[in-house]
Each structure stands twice: as structure tokens, then as C-alpha cells.
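Below you'll find the structure, written out as C-alpha cells, and then a few comments.
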Amino acid sequence: MKDSDYKEVLDKISTPIVVIISNQGSSKKKNPSKSDFEENFSVHFMNESFENTYGDLLKVGFTTEECVSRLSKEVDWYKMACDCTETGEMQEKTFYSTHANAWLRVHMNSTVSGFIIISVVSIDKDKEREQQLLRQNLRLAALTDELSNSREDLKKRLENINFLNEQLEFIAYHDSMTGLSNRQKFKLDFEEWIKTVKEEGEKFGLILLDLDNMKLINDAQGHSEGDDVICHTAEILKRFKNENFRVYRYEGDEFIVMMKGINSQDTILNAGDMLLEVMNEEGIDFSGGIAICPDDGETSEDLLKYADMAMYEAKRKGKNDLCFFQSIMRERFMEKVAIQSKLNKAVADEIFQLYYQPQFDVATNKLRGFEALLRWYDEETGWINPEQFIPIAEETKLVIPLGDWILETAISTLKDWMEKYNFNGIMSVNVSPIQLKKPTFIFDLMNLVKKYQIPTKNLEIEITEGVFIDNKTEAIMILNQIRDMGIGLSLDDFGTGYSSLSYLQMLPITTLKIDKSFIANITDKGGVEANITDSIISMVTKMGLDTIAEGVEKEDQLAILKDINCKNIQGFLKGKPMPREKCEELMHNS
Ligand code: C2E
Ligand code: CA
Ligand code: CA
């Protein structure tokens, strides 16, 4: 654009404008030094409006320095010019010019060809304030508009978020497999109900349901069949669901029922019984433990723990039933926890002892052998009963290292006795199902036999029917391997489990031990025990098995056992379990 064209354009603008340009040519001077800017830049032209308004203030030909002294020295004009050229953005300054005796506002722009264009307006300070307010208002108005536009958008987004939240909440509080509320939801609801307990003194109850025989279903029919049973249970539970009767899937095959308005224990027991009846009709068995809030506890963790203890009691008593929590269960549980913590240390320190209980041939009264029985003396508690700690050792798998120690101790004792006392009887060792399932069990047993050089016919392993619970085929395979080594195999506690005589024929056992509960009642007049024991003994003797009656405490029991041709006896009558030295005395004297 030529200068004349420029002037023509600027003249049309009502705002007063001056154009400042380098005297040395425009295009070269885009980044002048400060002194160059002040000395070699001058007013190139001004528009008509400027001439009319500020004709006295600046004149064409004034250097920048002259302009500055006329306008204001307070303003850093050089910096403004540099900012303009560098950023390409318009710069603005307001200042008081003594020369013009007025407040002036300048806007500075730079052009590509290096022109610096300054527009000057005088301003009324008060008006300026007003304008500022106006501008602020305009800005606010613009913002409000922006906001209201985005509010619509926001509303939509919020709706989306709410929908997503609902979905997330559903996922977070529901079990995906059954669609029932889950344990997180249980916790929330519990917190809600516990408030009413506190405010209104209302009680509510909890039933923890655990399906019976779920493991059997999973193993026999597969996991998808197992899942179907769980879903079916959930569907039945949903039928009962209402505001005061809430149901949740806790985990696996465990469900929780939470019931409000419990006046007496009967209310919840009746509901539980009804549930059990309906489930049973549909082919589902469960065991349930009941705990009442606040009687039994006030936190969801405590109540669940107690309902769980009660549920285990229901299982222990024969399953498919309900059981209330009682404080004795908590004591038993605490005891269990205490034993558990001690057991770890006791196993590591090998502070156990083996006692040996003699077994005698009924007909000859000769020593048949000994059963090794574990003993644990704890400094604080005293003697701890194996019936208490063996199940815990099984649960925690501590029975594996413990069992290794028992086997080695019993075998080394057997070896010693054979050498020192010419003992040629049987050493019988109890082996837990967990221990038997240890992959190296047979290998370790072989090694012990080799290490101590004992004849395998003098060793007997006692197992219970528990070994067949998980995998009967695998268990029989292991038992056969034991038999192949020439080691005897006795079935312990016969008559307490699912024992059946036909089942016995499938097992490679050599000895049957009749449980002490049978023997205890064997002398009862009109009782069935004597007859049953008689039948069992005659039958297993025909099968070629050795028999031992356990827990023989009285002479009359022994007399009957003799009568029915029981081969051996073991019991307090003839000898209690005793430490090794006592057994040695016995062997020495016999
Ligand atoms: P079990 O294998 O049936 O052992 C026989 C239990 O009957 C022993 O109890 C023994 O002391 C007791 N007993 C013996 N004669 C009589 C009697 O005349 N009357 C009465 N009332 N009881 C008698 P103990 O030693 O307390 O052992 C209990 C259970 O703990 C054992 O039952 C066995 O299941 C387990 N156990 C004991 N030692 C071991 C072990 O070394 N390994 C494993 N895995 N389990 C063991
Ligand atoms: Ca035994
Ligand atoms: Ca037994």
C-alpha cells in the first residue's frame, strides 16, 4: 500500500491516528534498538481526525523521542513497540499527558512493513470507569451466555454421568452371576439398619447360608452345574426378597439373609426354616448360621463371623439345618485362634512327643503292638488334646511337617525296640488325609523304611474314611502303593463315618478298628451295638482282616469282645497311651 493510499484509508477513520516509521526505510527496521527507535523513527503522517483533535500535540516529522516527551515519559514506548512487533498483538496504555492536559489512551499496532500506528483517544476518567464497568458487564454477559450454553451441555453430560453412575453402582453392588446384591451392598444396608437399631431399639437378624455338598456337585458334575445350583438358589431367595427381608450373595456358595423386625429368635428361625423347606423341595440343601443384631454384635464383621461359626456348627451337626450363634462358639473360636498361633511355633520347635498305646491279642493276651499317639505339652496351657489341634493342623497344612516328624519318630522307635527288646509287633501310625495326599508321601515313606532298615510288615498306617472324600480313585491308588511295600493298612474309627461293609471290600486294608463309641455301648442290655459288632467282626474276619476294638475300658466289654471273636483290643483297661520309656518297661517285663 502506498503512503497516499494509507492516508486515504486512515482519513476515513474517526479515531485520531498517527503513523510512526523509521526514517531509514520501513522494512529494514522491524527490530530497532532503543536509541534507533527514539532517534530515527518519526511521525510519518497523521489522519485528519488526529490533526483536528491533537494537532497541537504532535506534528509530522516529530521524532519518537519528541513524541514521547509530548505524550508521556512514564510509558515505555520502546517496549510497547517491541511487544507489538514480536507478538503481533495490539498494545494499550492509558496515561496522563501534561501537555494535552488530559488522560489519553493509546493503542499501538505494528504492520508487516514496519509501520507503527498509534491511535490516541482522550478519555474522561469517570466515563472510563463507567466504560470499564460496561466492558466488565459485557464480559460477564458473554460469560453468562457461554455458561448457559454449556449448562445445557452440562445437563446432558450430567444425565450421562448419572446413567453411568447408576450402571457402575449396579455393578458395584450386585453380583454379576446371580444378579443378587453383593457383600458391598450388604455392608451399606447393614450400616443403614444399624442406625434404626440405635434410634428405635429394633433388632434384626442375619442368616449366613452355605450350600451343602457344593464340592461334591462341582467335582461330580462340573463347575457349570455348580453355577446353575448357585443361580437357582439365588432365584429362590429373590422370591422372598422385600424391604424387611434382604438377600445377598456373599461369596461362592454362601448367601446372606438380613431380616428386620425380629421380636424373638423364633421370628427369624421360622423364616429360616421356611426357606430351608422351599430349598429342600427344589433339591437344594444348605446349612445356616443365625446371629442377631445387637444381641450378638454391632458390626457387620462381627455378626458375619458369628453367623459363620453358627453355620459351621450346623454343618458339624449333620448339615441341612439352622443353628443360632452362642457365646460358647466364640470361646471355641478364640481357643482355636490361640492354638493356631501356638501350633506354628510348636511345629517349628518340634516340641511334640509321641506316646504309644499297647494293643493286645484277646485270645492269647499277648502284645500285638502299639499305636503311636501325638502329645503336645504347652508351657502356658498344659496338655493340648490332639482332637483339638489335629484338625487345626490339617486346616493349616501344618499336619504335613508334623506328620513327617511323627512317621520318622515312630519308625525310629520301632527300629530301636526291635533291636533292643526283640520287639516283633506292630507299630501303628495315624496318617491324616492331607498328609497322605502330599505328592512325595510314598517316596518319603520308602526312604524312611530304607533309612531305618525296618521290616515293612511291622509297620501299619492308620487311615480314616476322610481320605476318600475328595478323590476315591487317587486315594485307593496311594493305599495300594503302601500295601505294595508290605506295610499294613488299618481303617480307623469304623462305625462313625459313612462306613459300609460293601465299601470295605473295595479298599486294600488289612485291619479294621471298631470305634470306641460302639464299644462303649456294647454291654447295653437290649442295645444293637453288640449285635452289629458281632456281625461286623464275623464278616471282616471272613474277609481275612484283622480286627481291633478301640476304647476297651471294662472287663465286661472285653468279655463280650472275646465272645464275638474280636481279635485284638486297645483301651485304658489294658494300657493307656504312654511315653516310650514306660513301653520299654512293659516289653522288658513281658
Ligand atoms: P484315634 O486315632 O482314634 O486314637 C485313639 C484315641 O482314643 C486316642 O485319643 C486314645 O488316647 C483314646 N483312647 C484309647 N483308649 C481309650 C479308652 O479306653 N477310652 C477312651 N475314652 N479313649 C481311649 P487321643 O490320643 O486323644 O487322640 C485323639 C485323636 O487324635 C486320634 O484318634 C487321632 O484321630 C488323632 N491323633 C492322635 N495322634 C495322632 C497322630 O499322630 N497323627 C494323626 N494324624 N492324628 C492323631
Ligand atoms: Ca488311630
Ligand atoms: Ca480310632
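Give me the number: length gained by fully extending HIS99 to VAL60, i.e. 0.36 nm times residue separation minus the C-alpha to C-alpha distance, one decimal in nm.
Length difference between fully extended and current span is 12.3 nm.
Which lysines have a Cα lying under 18 Å from the Cα of LYS238, excluding residues fewer than 8 positions away in the same chain?
Candidates past the 8-residue exclusion: LYS185, LYS260.
Taking 32 Å as the cut-off for C-alpha to C-alpha distance, list the pairs among LYS415/LYS438; LYS319/LYS542; LYS215/LYS554; LYS156/LYS195; LYS437/LYS513 that go past it.
Exceeds cut-off: LYS319/LYS542; LYS215/LYS554; LYS156/LYS195.
How would GLU313, GLU335 line up from fewest to most surrounding beta-carbon atoms within 10 angstrom?
GLU335, GLU313
If you average the sequence gap of Cα pairs under 8 Å that are 6 or more apart and divide by the length of the chain, what percent do you get for the contact order?
It rounds to 7 percent for the chain.
To the nearest 0.05, how large is the calculated FRET efficiency for ASP484 and SER412 if R₀ is 22 Å and r is the Cβ-Cβ distance?
0.45
What FRET efficiency would be calculated for the residue pair GLU335, LYS215, taking the C-beta separation as r and a Förster radius of 35 Å, to the nearest 0.05?
0.85
Round to the nearest 0.05 the FRET efficiency obtained for ASN424 and GLU200 when R0 = 56 Å and r is the Cβ-Cβ distance.
That pair, ASN424 with GLU200, gives E of 0.15.
Tally Lys and Arg at +1 and Asp and Glu at -1 over the other residues with C-beta under 10 Å from the C-beta of THR63: what net charge comes out?
-4
Take the alpha-carbon centre of the range 181-260, take the same for the range 400-439, and report the distance between them in whole Å.
Their Cα centres are 47 Å away from one another.
Quick one: if you stick a label point 7 Å off each Cα along the C-beta vector at LYS7 and THR440, how many nm between them?
The two pseudo-label positions are separated by 10.9 nm.
In whole angstrom, how far apart do the alpha carbon centroids of the range 442-507 and the range 517-533 sit?
Result: 28 Å between the Cα centres.
Going by how many other Cβ atoms sit within 10 Å of their own, how do TRP103, TRP383, TRP193 line up, fewest first?
Ranking TRP103, TRP383, TRP193 by Cβ neighbours within 10 Å, fewest first, gives TRP383, TRP103, TRP193.
Read the figures in this text as sums done on the coordinates, not as results from a lab. Please read these numbers as outputs of a predicted model, since none were measured by experiment. With ideal geometry, Cβ positions are generated from the backbone for all residues, glycine too; neighbour counts draw on all protein chains shown.
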